[in-house]
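K.L.:
Handing you a structure now.
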Amino acid sequence: MKTTDGATPPDSPERDEPHDLTRSPILPDVARLDPAERSQLEESGRRWASTLPPPAPEEALRADPSQREVVASRRGAYVRVRPSAQFAEVRPGVLRATRLASEPSSPTGRALSGIKHVLVGDPLSLQHYIHERLSKLKALAVLSSDAISSVAYATEAILLILLAAGTASFRLSLPIAGAIVLLMLVVGASYRQTIMAYPKGGGSYIVARDNLGDVAGLTAAAALMTDYTLTVAVSVASGVAAVIAAYPSLAPYRIPVGVGCILLIFLGNLRGIREAGTIFAIPTYAFIIGMYALIAGGFWLLLTGRAPIVQYPAVQLSEGVSVFLILRAFANGCSAMTGVEAISDGVPAFRPPEWRNARTTLTWMVVILATIFSGVTLLAHLYQIMPDPTGNSPLLARLNAAVFGASPIFYAIQFATFLILVLAANTAFSDFPRLLFFLARDGFAPRIFRRVGDRLAFSNGIIALAILASVLYALLNGQVDALLPLYTIGVFSSFTLSQAGMVRRWYGRRQAGRRNGVPWEAEPHWRRRAAMNGLGAVTTLLVLLIAAATKFTSGAWFVLVLIPCLIVVFLLIHRHYGRMEADLRVEAPLAPDDIRHTVLCPLADLNRPALRALAYARSLSPHVIAVHVSQDEEDVARIQAKWGIWGRFVPLEIIESPYRGVVLPTVAYIDALRAKRPSDTITVVLPEFVPAHWWERALHNQTALRLKRHLLYRPGVVVTNVPYHQRKV
């Protein structure tokens, strides 16, 4: 079955397996296990069955999802059973925890949870995920604000480079802008094909890794992570500059204002993608309307002869017009392309049908971006607006002042520009956490980034981006011209790898085949599709090479060094997870009879917590050794006297510690015991005193906690805590 444009619909069986964010990580089905691992598990199960009798029904350890309450009455006490408010029984043997089960029970925990709910909102169940999807109008605001807002600084970025050759070179801004608009259309058309081919999310990382291999995918991921971090910093810096242009008294507070804006966007995104779309939609559309009003008003004044055109002042030349200068201006102006890939990255955030809604939104975005960028650049040329090298008076603000003067419309457009520039960072906050999710899912990033937060957003990725962007913004003092040289490399690296991956994909589908068990039919239009993506790959590669060459000494070298470093980190993380999975895999049958216990019980004194721990240790094994580390002879005599009364049940080993250490001598004794009994499992039973109040923990030395930290890295050692809770008064 084909769609009207010849594309295969996303639900066709020849499609690759989609990347579904709504699917929770679950254990693999037994039928899908590796055959060797499956046979080992079956053999282990047979050994268990031959060793242990089947459990009696009354000995089952399944939790009871009901509340049992003792009720007193005239006829005596009886037990009343009520359904628990913390669990709901889905089906026999399966319980579902309610929101109450996830709420803290302590007063402090409830207070902190209440503050969190006020800031972020009430937790949402996974069943609400489908309701968190975005409509096309909201998606345009959330995922296109970065690209659309770039018109606020892209024209100025071109003119700042041309300024070195004098104002006469400003006429070159028009053909340069035309080349950039053409590039927008090519890249937009290429990404429409990417969305169609990957209807459940086709970001540069997924496309490059799927078609070009792990290293290419990780290169795209590293470039995107750099791009997203810079997006937040550049957007906020530009927004703050727009406000300072209207209110110069705020200039000394550039850094705190910018960091505060990042914090607000961070909190908005923690509330969930749908609420973020609602919050950020109004500023985005206000800016779009304001830009079209500015363009229309500017051309109207020109047509009526009332345009306040001031001739360019004389500028001292620092260099002449050269091919290198033009290429530098073109590379700077390509900052208008940032964020174009965001929609293909965020396809899963759309309402069904995701791929079709995403393609429509991408088309809207490219049209809006191209028309506004062209209009602003042409007006800046016709009005002869000079760029400000200091960055304190943005070109767009002075063009706005030339058209509308000090009218309320001027301040409305400046405020809308500030809002969209700041909120353009929201595009990065939408896609950066999703990219980290994909990396973590594939084992290239810490698994903490797979976690979905209370509001069904990837909270840990949002937190990481807020910290990185705030640090970068503060280090570069919130200056747009200091951030832009770092910007283009990451953007066009991901563009190039994504489009090259699509070329490889279409070439591989020139005939029917199968990959990873997923079949596909031959693609009849593969040449046309490969040509389109190939054109996108070549053009974006040329921009990447130009940007790397022209901006290398201006800061691009940092990105070119950072991306390989990130790739190395990804590969090291992947190697760790690979080794961990190999270690955790069942390699030999394991039955209860294979375990031989030697139980060690470190004691500070023979008191009630110690006696309870010793009783627990003796229930595990007859081979129990008590260990006491002493620092003086009086302590040795005291513990020996106590042991003489009680100690015929368990042998005592006393370790004198003249250097006053307790934890390390105990660890050394355990190492010596393991060397003596290498086939035994050393179980360390720790008595631990738990104070009645949390703040009283500071009054105790936490020896058990320090000992557990050391023993965590000792293979063959199991640590069991036997807490003794102090009664509250």
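K.L.:
Sort through S630, S619 and tell me the only one that's over 47 Å from the mean Cα position of the chain (by Cα), among the small types (G, A, S) and either within 18 Å of Y724 (Cα to Cα) or surrounded by 16 or more Cβ atoms within 10 Å (Cβ to Cβ) (or both).
P.N.:
Testing whether each residue is over 47 Å from the mean Cα position of the chain (by Cα), among the small types (G, A, S) and either within 18 Å of Y724 (Cα to Cα) or surrounded by 16 or more Cβ atoms within 10 Å (Cβ to Cβ) (or both) leaves just S630.
K.L.:
Go through A698, A692, A668 for me and flag whichever is at pLDDT 80 or above and loosely packed, with under 14 Cβ neighbours inside 10 Å.
P.N.:
A668
K.L.:
Could you list, ordered by first residue, the pairs with Cβ atoms under 7 Å in which the first is in the range 585-612 and over 17 Å from T681 (Cβ atoms) and the second is assigned to a loop (DSSP other than H, G, I, E, B) and modelled with pLDDT of 80 or more, at least 6 apart or interchain?
P.N.:
Note: pairs meeting the criteria are A610/L603.
K.L.:
Considering each residue of the range 704-729, count those that are surrounded by 15 or more Cβ atoms within 10 Å (Cβ to Cβ) and out of contact with any helix residue (DSSP H, G or I) (no Cβ under 8 Å at 6 or more places or on another chain), and give that number.
P.N.:
3
K.L.:
Does the range 197-216 include one or more residues that are modelled with pLDDT under 85 and surrounded by fewer than 22 Cβ atoms within 10 Å (Cβ to Cβ)?
P.N.:
yes
The values are calculated or read from the model by the stated rules, or taken from the named source; none is laboratory data. Note that the coordinates shown come from a computational prediction; the quantities given were computed from them, not determined experimentally. Cβ atoms come from the backbone with ideal geometry, glycine included; neighbour counts cover every protein chain shown.
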